[in-house]
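Here's the structure we're looking at; comments come further down.
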Amino acid sequence: MQLTQQIKIESTEEQQKVLWDLSEKCRLIYNLALKERKDNWKTNRDKPKEQRNYITYIDQQNQLPKIKEKYPEYKWVYSKVLQLTLKKLDANFKSFFVLKKNGNKSANPPKFRGKKYFTTMCYNQSGFKVEDGFVELSHRHPSDIDLKFEIPEKFTFEKLYQVSIYQKDNDFFVSIVYEKTRKEYIDNGKYQAFDLGATKHTAVNSEGKFIEFTNKRLDKYWESKIQEVQSKRDHCKK
């Protein structure tokens, strides 16, 4: 089975600058592709269904080599990271179309990302290395600063699928998707049963141990008020 582990990382000022530079390129690619998508959607939305020709992820992915040729700084970012940035936009636009199709009149296309927005960078299957207590991310930034971050020794991973780096509350984190081998089920002849009631929870096991506790319901505050209204109702003349 696949699991995800979020880990806070420590970074130097130089590393943070590189991360922001790379993230900025992803943000601009996202916004550029979003502008193209929005214009395309506005052009097609009033056409008969059979005449609509919407831009796809493949269309925009195929434009990346030309963009890199014209603007070499986009080569700083690992290729798959830019591709997955476009994949994210594609997923957001598909969600928008589903909402529109289901009759949600308030649904709007994805929004542009502002300059202060740190775009999550996703490395899928390649472009990263996790070994010897470090996670390392590939890039071609002219500074040549290594994006290598220490992770606690307690974290060990089997097969790795994906590494993402993101920012939260001014701190940087990596999110690692990895394979975890399921432990083989062994029937030890011991069983437990749970009854999740509305007002109380009850549990019992095959050894006869029993526990019961009251559930703090969210509507507990209203219980007395409901009883008061019910009492008034019961005394009303029919």
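The values are calculated or read from the model by the stated rules, or taken from the named source; none is laboratory data. A quick note: this is a predicted structure, and the numbers were derived from the prediction, not measured. Glycine gets a Cβ as well: all are built from the backbone with ideal geometry, and neighbour counts include every protein chain shown.
Observations, loosely collected:
- Boolean, Glu73 is over 19 Å from the mean Cα position of the chain (by Cα) and over 24 Å from Phe128 (Cα atoms): no
- Scanning segment 67-125 for residues that are in contact with a Pro (Cβ under 9 Å, 6 or more places away or on another chain) and of a type in the set (Phe, Trp, Tyr) yields Trp76, Phe93, Phe96.
- Unique residue being over 19 Å from Lys116 (Cβ atoms), assigned to a loop (DSSP other than H, G, I, E, B) and of a type outside the set (S, T, N, Q) when the list is Ile67, Ile55: Ile55
- Any hit, segment 86-104, residues being aromatic (Phe, Trp, Tyr), surrounded by 14 or more Cβ atoms within 10 Å (Cβ to Cβ) and in contact (Cβ under 8 Å) with a residue 24 or more places away in the chain: yes
- Search result, residues across segment 138-161 that are at pLDDT below 95 and among the polar types (S, T, N, Q): Thr156
- Lone qualifier among Arg140, Arg113 - being touching a Ser or Thr at 6+ places or on another chain (Cβ under 8 Å) and charged (D, E, K, R): Arg113
- Residue match in segment 213-232 (condition: out of contact with any Phe, Trp or Tyr (no Cβ under 9 Å at 6 or more places or on another chain), at pLDDT 80 or above and closer than 30 Å to Asp187 by Cα): no
- Lone unmet requirement of (1) over 30 Å from Gln6 (Cα atoms); (2) modelled with pLDDT of 85 or more; (3) surrounded by 10 or more Cβ atoms within 10 Å (Cβ to Cβ) for Lys209: (3)
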